[in-house]
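Structure first, then comments.
The values are calculated or read from the model by the stated rules, or taken from the named source; none is laboratory data. Here the structure is a predicted model, which means the values were calculated and not measured. Heads up, the Cβs are rebuilt from the backbone with ideal geometry, glycines too, and the neighbour counts pull from every protein chain shown. These accessible areas exclude ligands, DNA and RNA; they are computed on the full protein's heavy atoms, side chains included. Shrake-Rupley method; radii C 1.70, N 1.55, O 1.52, S 1.80 Å.
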Amino acid sequence: MKFGGTSVADAEAMSRVIAIVQDRLARSTPSTPPVVVVSAMSKVTDRLIESARLAAEGSGEEAARVLFDLLERHNGVAKALVAPDRLPALVAQLTSEFSALMETARTLARHREVSPSAHDAIVAMGELASSQIVSAAFASKGVQTAWIDARAVLVTDDEHMAALPDMETTCRRTSDIVGTRRAAGDVVVLGGFIGSTAAGVTTTLGRGGSDYSAAIFGACLGVDEIQIWTDVDGMLTADPRVVESPRLVPQLSFAEASELAYFGAKVLHPSTILPAVAKNIPVRILNSRRPEVAGTMITADGRVHGGLTALACKRGVTVVDITSTRMLMAHGFLRRLFEVFERFKTPVDVVTTSEVSVSVTVDNPRRLDDILGNLRTFAEVACEPQMAIVCVVGENLRSDPSLFAKAVTSLGRVPLRLVSQAASRRNITFVLRDGDVPEAMSRLHAALF
């Protein structure tokens with residue numbers, strides 16, 4: 001059971017989490033308590049990132065003030081939830097950890113440099129703090145519980161800020177540490193998003209990585225179901241912030257969910273599905289504010305009826321156009337081109353090609369200047385920021401060719417930069433200006449749903 005930032009945002013939200021888990025315990029056999037994975041409290045990760053930025057700018061005291069304010073917020077939530085006999089130890093632990101982080105921020109500020117590993121050490125504090133509070137709150141309500149530092153279990157590579165798990169080592173540790181406590185009847189509580197290298201250095205899985213953590217632990221334990229608890233009723237046919245009155249999608253396939261998550265559906269982290277697919281474990285998306293709603297079930301087979309599934313949009317992407325007459329009738333050009341993106345560890349979303357040009361989209365501009373510099377050694381390169389990807393997803397696209405035409409014509413005079421349909425014929429992807437997203441999404445939703 002994974003609870004997102006809005007589901008643990010404050011004392012009231014955490015109380016709902018406790019009630020949900022208690023209800024789950026009441027309906028389960030004594031030998032199978034759930035494993036609970038929590039995100040940082042809402043907006044805490046953003047504030048931690050701000051603290052790291054301030055330290056990098058040399059503003060050590062300002063960075064420390066941000067961390068002190070976060071300590072006060074966490075202690076306030078702890079005081080509202082945790083029994084008096086447990087509270088002093090928890091407050092002392094949180095104070096010690098935040099105080100150490102304040103000193104780290106001051107030291108980093110003196111050097112005006114925050115390395116990726118130091119950045120991970122700062123932002124990991126959100127999940128470490130929230131998970132300790134949730135575990136103590138469980139114990140205060142009489143729930144048999146055990147808090148486990150996720151860094152002792154989830155082992156990753158050393159690609160800080162976007163680490164990849166070492167599944168073999170992680171599963172062995174999950175079985176030994178989490179599995180043992182679960183077998184003893186404990187509700188194990190861990191922070192999502194965080195892990196460590198084999199040498200014990202703190203890492204993070206990237207923004208939204210708590211979903212991924214939950215799926216990894218679930219796959220390692222061979223659970224019956226992975227539940228993602230958030231603040232919406234499940235996967236919707238479109239982002240409600242962009243399209244008015246989208247509908248709930250009751251069931252979809254792993255493949256459809258992967259497409260939607262990758263192309264911007266905020267309910268699910270793109271990597272969440274991968275461990276579940278490997279072990280064929282259903283994933284259910286539920287609303288912690290309305291636990292009685294059935295939510296969305298994601299399975300290998302998906303829905304039994306036809307029709308499209310949903311729309312997704314990924315905003316803030318950059319289109320890179322690479323042109324070279326050397327590409328004409330030549331082999332090896334594409335290999336050379338994509339080796340540049342691999343060298344700087346930057347994934348590509350959409351690719352289109354012509355006789356002498358290739359256009360790609362990227363959503364992470366962190367290494368874009370280096371990439372453009374390398375590409376310009378053998379090709380002409382143009383860059384277009386402030387673009388977006390809008391994606392139509394559904395298994396039925398494979399069996400009903402008319403849906404492609406319907407999607408394109410519904411956009412009317414919305415200018416399209418790139419159009420792509422994957423070989424799986426499970427999605428149609430449009431690249432357009434970011435400012436045109438609301439109109440494009442509304443037109444598509446009205447026509448297709």
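When residues in segment 11-46 are screened for being charged (D, E, K, R) and in contact with a Lys or Arg (Cβ under 9 Å, 6 or more places away or on another chain), 1 of them pass. The requirement of being among the β-branched types (Val, Ile, Thr) and at pLDDT below 90 is fulfilled somewhere in segment 355-370, by at least one residue. When Ala265, Ala330, Ala300, Ala278 are checked against the criterion of being of a type in the set (A, V, I, L, M, F, W, C) and under 24 Å from Ala238 (Cβ atoms), Ala265 stands alone in meeting it. Once segment 404-418 is narrowed to residues that are touching a strand residue (DSSP E or B) at 6+ places or on another chain (Cβ under 6 Å) and outside any helix (DSSP H, G or I), the residue that is least open to solvent (accessible area, probe 1.4 Å) is Leu418. When Leu444 is tested against (1) in a helix (DSSP H, G or I); (2) surrounded by fewer than 20 Cβ atoms within 10 Å (Cβ to Cβ), exactly one condition is not met: (2).
Total residues in segment 405-436 satisfying the condition of being under 20 Å from Ser258 (Cα atoms) and hydrophobic (A, V, I, L, M, F, W, C): the figure is 6.
The rows are residues; the columns are (1) over 28 Å from Ile49 (Cβ atoms); (2) within 21 Å of the chain's Cα centre (by Cα); (3) buried (at least 24 other Cβ atoms within 10 Å of the Cβ).
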| position | (1), (2), (3) |
| --- | --- |
| Ser115 | no, no, no |
| Ser131 | no, yes, yes |
| Ser135 | no, no, yes |
| Gly192 | no, yes, yes |
| Gly195 | no, yes, yes |
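Candidates in segment 215-249 are the residues that are among the hydroxyl-bearing types (Ser, Thr, Tyr) and assigned to a loop (DSSP other than H, G, I, E, B); of these, the one that is most open to solvent (accessible area, probe 1.4 Å) is Ser245. Summed over segment 67-89, residues that are surrounded by fewer than 22 Cβ atoms within 10 Å (Cβ to Cβ) and assigned to a helix (DSSP H, G or I) total 12. Of all residues in segment 19-42, at least one satisfies being part of a helix (DSSP H, G or I), open to solvent by less than 50 Å² (accessible area, probe 1.4 Å) and either touching a strand residue (DSSP E or B) at 6+ places or on another chain (Cβ under 8 Å) or modelled with pLDDT under 95 (or both). Set side by side, the residues Arg326, Arg335 differ, and just one is open to solvent by 30 Å² or more (accessible area, probe 1.4 Å) and within 28 Å of Glu159 (Cα to Cα), which is Arg335. When the residues of segment 150-174 are filtered to those that are open to solvent by 60 Å² or more (accessible area, probe 1.4 Å), in contact (Cβ under 8 Å) with a residue 12 or more places away in the chain and in a helix (DSSP H, G or I), which remaining residue is nearest to Glu342 (Cα to Cα)? Looking at residues that are open to solvent by 60 Å² or more (accessible area, probe 1.4 Å), in contact (Cβ under 8 Å) with a residue 12 or more places away in the chain and in a helix (DSSP H, G or I), I get Met167.
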